[in-house]
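Here the structure comes first, spelled out in structure tokens, and everything after it is commentary.
What follows draws every value from the coordinates through simple rules; no lab data is involved. Only a predicted model underlies this, so the values are computations on that prediction, with no experimental measurement involved. Using ideal geometry, Cβ is built from the backbone for each residue, glycine included, and neighbour counts are taken over all protein chains shown.
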Ligand SMILES: C[S@@+](CC[C@H](N)C(=O)[O-])C[C@H]1O[C@@H](n2cnc3c(N)ncnc32)[C@H](O)[C@@H]1O
């Protein structure tokens, strides 16, 4: 450890001498890592980490669709993880909290089993009111945006059922234990993550899989809930995607 600290100090001094503006990159990376560790509630290192290729054994044919960068959506590696999870449970019925433009919905629709359906829930566009707190202004701005599901290719629309409601008032009763895969990615406040996860868990069949986006220090409430919920949580390496299999 001491040796590494000396090495780092030497390199930092060298960077300051050569080109001090390069420090920005080093400090940015270090700050991000320190943020992960600084707050024990947000520290994701305690979760079991799984390689995306180890989610399901053998080889599968995943189908992914790329999009020009869409903020607040799953990354390409997370798209692959969602595809792997769909294949892991041979998902025929999938429920998603948080459609937004449809990037993750598309990956789910591409990998749902033959004859299957993706149910995706978002706030009504003409009345995007919600009942539980959403403290982050950037999340409230996304919630108020129109064009939900707009990027989903037309040829996949027969595999997608759009549901329009505040997840806090959404009634999960008609879907109990009917879902093979649930994906939680709507509002990220503690109250909403708890609400959506508990409803999602009830909708999941035994042996089904529930996944959460944004299991990362910058979404402290997501990490906090996942640590408290008591499920066996795994985090997919190189992503902010966590999942758990219902016993
Ligand atoms: C982070 S985006 C989802 C991104 C999407 N899963 C993807 O990867 O492409 C969150 C979405 O959740 C929706 N949302 C926020 N609060 C909600 C609520 N209370 N009920 C239903 N949907 C909500 C927002 O309108 C927004 O479209």
Have a look at 136, 227, 101 and tell me which one the Gaussian network model of the chain (Cα, springs below 10 Å) gives the largest fluctuation. 136
Ranked highest first by the average count of other Cβ atoms within 10 Å around their residues, in what order do 172-182, 74-84 fall? 74-84, 172-182
Where a label projected 7 Å from the Cα of residue 41 along Cα→Cβ would reach, residues of the stretch 120-144 with amide N under 19 Å: 132-139
Cα pair distances in the chain, grouped into 5 Å bins until the bin that holds the longest one, percent each: 1, 6, 13, 17, 18, 15, 11, 7, 5, 4, 3, 1, 0, 0
Estimated 222 nm signal from helices in the chain, with DSSP H stretches of n ≥ 4 weighted -39500 (n - 2.57), rounded to 500: -11000 deg cm²/dmol
Rank these for me by crowding, 59, 44, going from fewest to most other beta carbons within 10 Å. 59, 44
DSSP-defined beta bridges in the chain - what % are antiparallel, rounded to 5: 20 percent
Given an 8 Å cut-off on Cα distances and at least 6 residues of separation, report the relative contact order of the stretch 43-245 as a percent. 24 percent
Rounded Å value of the spacing that divides the Cα centres of the stretch 208-247 and the stretch 72-125: 16 Å
